[in-house]
Amino acid sequence: MNGKDRPIMIYTTFAKKEDAKQVGTCLVSENLAACVNISAEVTSIYHWQGKVAEEGEVVMLIKSRSSVKSALSSRLKELHPYETPAIFIIEGEAVGAEYWQWICAQTSA
């Protein structure tokens, strides 16, 4: 890893797989993410507007690096269809050297 740049993974959810695919394709095409993974449907239970809600969602994991974290987070918020999207940014301490090189090659510095 070079200097202060670190691997990051962002966790977010979407109501529809099609929305997740559209946003993920955009993030990869714009070189903000090296890769996105989209899960099969999961069940989410949460408080929303004073009630307990239960909905099906898909989980997206976004693999990138900390040097593009701000631009990536801003773009994700801009593209995300949710009023209040869950965006958890997890900074990694280490990743395999070859995979880190690939992430760096795929993302803007």
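Please treat every number below as a calculation from the coordinates, not as lab data. If you're wondering where the values come from, they're calculated on a predicted model, not measured in any experiment. Backbone-built Cβ (ideal geometry, glycine too); neighbour counts: all protein chains shown.
Points to keep in mind about this one:
- Projecting label points 7 angstrom from Cα along Cα→Cβ for Ala71 and Lys4 puts them 1.7 nm apart.
- Projected label points at Ser108 and Glu78, each 7 Å from Cα along the beta carbon direction, are separated by 0.9 nanometres.
- If you wrap the tightest convex hull around every Cα atom of the chain and split its volume per residue, you get 104 Å³.
- With Cα atoms defining each centre, segment 35-50 and segment 77-97 are spaced 14 Å apart in the structure.
- Each helix, a run of at least 4 DSSP H residues, gives -39500 (n - 2.57); summed and divided by the residues of the chain, these come to -9500 deg cm²/dmol at 222 nm.
- Remark: for residue pairs Lys17/Lys77; Lys17/Lys69; Lys21/Lys63, the C-alpha separation exceeds 21 Å in Lys17/Lys69.
- Trypsin sites (Lys or Arg not before Pro) restricted to DSSP loop in segment 9-79 with at most 16 other C-beta within 10 Å: Lys16
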